[in-house]
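In what follows, a single structure is set out as structure tokens and then discussed.
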Amino acid sequence: MDKNIYESPLNSRYASKEMKEIFSPNKKFKTWRKLWITLAKVEKELGLDITDEQIKELEAFADNINYDVAIEREKITRHDVMAHIYAYGVQCPNAKPIIHLGATSCYVGDNTDIIIMKDALELVKGKILVTISNLSKFALQYKDLPTLGFTHFQAAQLTTVGKRACLWIQDLMIDLEQIDFCLNNLKLLGSKGTTGTQASFMELFNNDNEKVKKLDSLIAEKLGFKGVFSVSGQTYSRKLDSIVINILSGIAQSATKFSNDMRLLQHLKEMEEPFEKGQVGSSAMAYKRNPMRSERIAGLARYIMVDALNPAITTSTQWFERTLDDSSNKRISMPEAFLATDAILNIYINISENLVVYPKVIEKHIMEELPFMATENIMMDAVKKGGDRQELHEKIREHSMEASKIVKVEGGKNDLIERIVNDKSFNLTMEDITKILEPKNFIGRAPMQVLDYINEEVMPILEQNKNKFAKGSELTV
């Protein structure tokens, strides 16, 4: 690496080798050649004068790209597609006349973009599946462990650690559903010509409408797509880019929710992201264990959510059948959105398979708040023993205010239970109240909700996609 030249951190620090390869020049230009070969094969199949020898020549150099020739030619033409057509023709002199026959630049450019987005979405899907699987194991492991639930980051009723994890899973399940919908409905541009009318192909096929229609469908079929956009300008509708990047933005939103919860839980010392033996939390404060992984998720996710504006603006400002202000923008905005999403999921996988839980701290926090939450139950038991409900309600209110004052003003221990035990109006012993204060009495259906959700909704999806899990997700920095 040349240390005098800027390198995107998405490339040098964050994204995986697999995602970087999907957006590499080699993948792009090999796909161009694959598309040229496919076009030639289909045109031959439909009756154009193209020989088997010409196609074999194209196939012989499909993966052997003479980049030096293409680079020099682009300096002259200022047109990357024309430069690569020329370079391919240098290697394939017999096939040179039929390379790119009838097509415009968007035939290779746009179809390649769609093929690359499909591959990238499938990699993202694989990593989401791994993350959901990790969190599902965690949720089942901790489905019964009571913890403070928070609304407004104020202690509310209890939930369980596993139930909270199901909220993180559910967000990712929604993202997964969006990815599947997009992948199942993804179409190629096909071969539409300069303004989308297929006029050049009509000329090639002597105005045979059915053959030109068949050209489109066969190209899609040979490249593994269900079909093509029925109508287009020179390009596919840039709404597709906006749809795809909004899916990535959704993943970023889900990951940020998780990362924010983790940062708050790490502050409470109830849970932690993994912290490696040699890891340094702070250059100045050696004792610190900063939630740097979760913070990185939040930072990268913010970039993706803002980046989603790019294709939204691009698609809304395209003029008629095409303008070229989309190209320079999408060369940056689309790959970087995928690289950043990939980086986020690498981190999410790393955290989710190594989550640390501190049950004793969780229990301590519960017992600091539970006396206030249990006052209704305590009052009902006291009524059963002959107490007056209205009188007891007022006494609990007074005792709660005093106990709260001791906690907040004096920094003391919550002594509400002792106050109630010492108040003869309640006629309750410490043993009576201890039974009431069992945390599991306050978690409702949380454990059953975890079991129902994981077994009925999550596991069938994981089983259905068991061969699509991403393999090996390395956290680089």
Inset, instruction - Would you kindly derive the ³J(HN,Hα) couplings of the stretch 295-310 from the backbone phi angles with the Karplus curve 6.51 cos²θ - 1.76 cosθ + 1.60 (θ = phi - 60°), listing them in order in whole Hz, with x for Gly and Pro? - result: 5, 5, 4, 4, x, 5, 5, 4, 4, 5, 4, 6, 4, 4, 5, 4
Legend entry - Ranked by how many other beta carbons lie within 10 Å on average, peptides 83-92, 146-155, 406-415 from highest: 83-92, 146-155, 406-415
Legend entry - Centroid-to-centroid separation of the stretch 335-395 and the stretch 450-466 [C-alpha atoms, Å]: 25 Å
Legend entry - Sorted peptide list for 331-342, 116-127, 376-387, criterion being average Cβ within 10 angstrom, highest first: 331-342, 116-127, 376-387
Legend entry - Lysine pairs within the stretch 375-436, Cα separation less than 19 Å, 8 or more sequence positions apart or different chains: 10
Inset, instruction - Kindly flag which residue pairs out of LYS3/LYS330; LYS127/LYS192; LYS257/LYS364 have an alpha-carbon separation exceeding 31 Å in this structure. - result: LYS127/LYS192
Legend entry - FRET efficiency, ASP49 to ILE313 (Cβ-Cβ, R0 30 Å, nearest 0.05): 0.10
Legend entry - Overall Cα dimensions of the stretch 304-459 - principal axes, largest extent first, Å: 83, 35, 30
Legend entry - Under 14 Å from the Cα of LYS44 - aspartates and glutamates, other chains or at least 8 residues apart: ASP52, GLU53, ASP216
Legend entry - Cα centroid separation - the stretch 26-52 against the stretch 95-167, whole Å: 34 Å
Inset, instruction - Calculate one ³J(HN,Hα) per residue across the stretch 223-239 by plugging θ = phi - 60° into the Karplus curve 6.51 cos²θ - 1.76 cosθ + 1.60, and present them in order as whole Hz with x for glycine and proline. - result: 9, x, 10, 6, x, 10, 4, 5, 10, 7, x, 6, 10, 6, 4, 5, 4
Inset, instruction - Scan around ALA156 for amide H atoms under 5 Å from its own, H built in the peptide plane at 1.01 Å from N, and keep only partners 5 or more places away or cross-chain. - result: GLY149, PHE150, THR151
Legend entry - Residue-wise HN-Hα coupling along the stretch 336-345, computed from phi with Karplus coefficients 6.51, -1.76, 1.60 (Hz; x: Gly, Pro): 5, 4, 5, 4, 5, 5, 4, 4, 4, 5
Legend entry - Compactness index (Cα Rg / 2.2 N^0.38 Å), the chain: 1.35
Legend entry - Simple spin-label estimate for ASP325 and LEU264 in nanometres, 7 Å along Cα-Cβ: 4.1 nm
Inset, instruction - Obtain the nm distance between the two label points defined at ASN64 and HIS79 by a simple spin-label model: each point lies 7 Å from its Cα along the Cα-to-C-beta direction. - result: 2.8 nm
Legend entry - CD proxy at 222 nm, helix term only [per DSSP H run n ≥ 4: -39500 (n - 2.57); per residue of the chain; nearest 500]: -20500 deg cm²/dmol
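Values in this text are rule-based calculations from the coordinates and carry no lab data. Values in this document were obtained by computation on a predicted structure and should not be read as measured data. Note: ideal-geometry Cβ built from the backbone for every residue, glycine included; neighbour counts use all protein chains shown.
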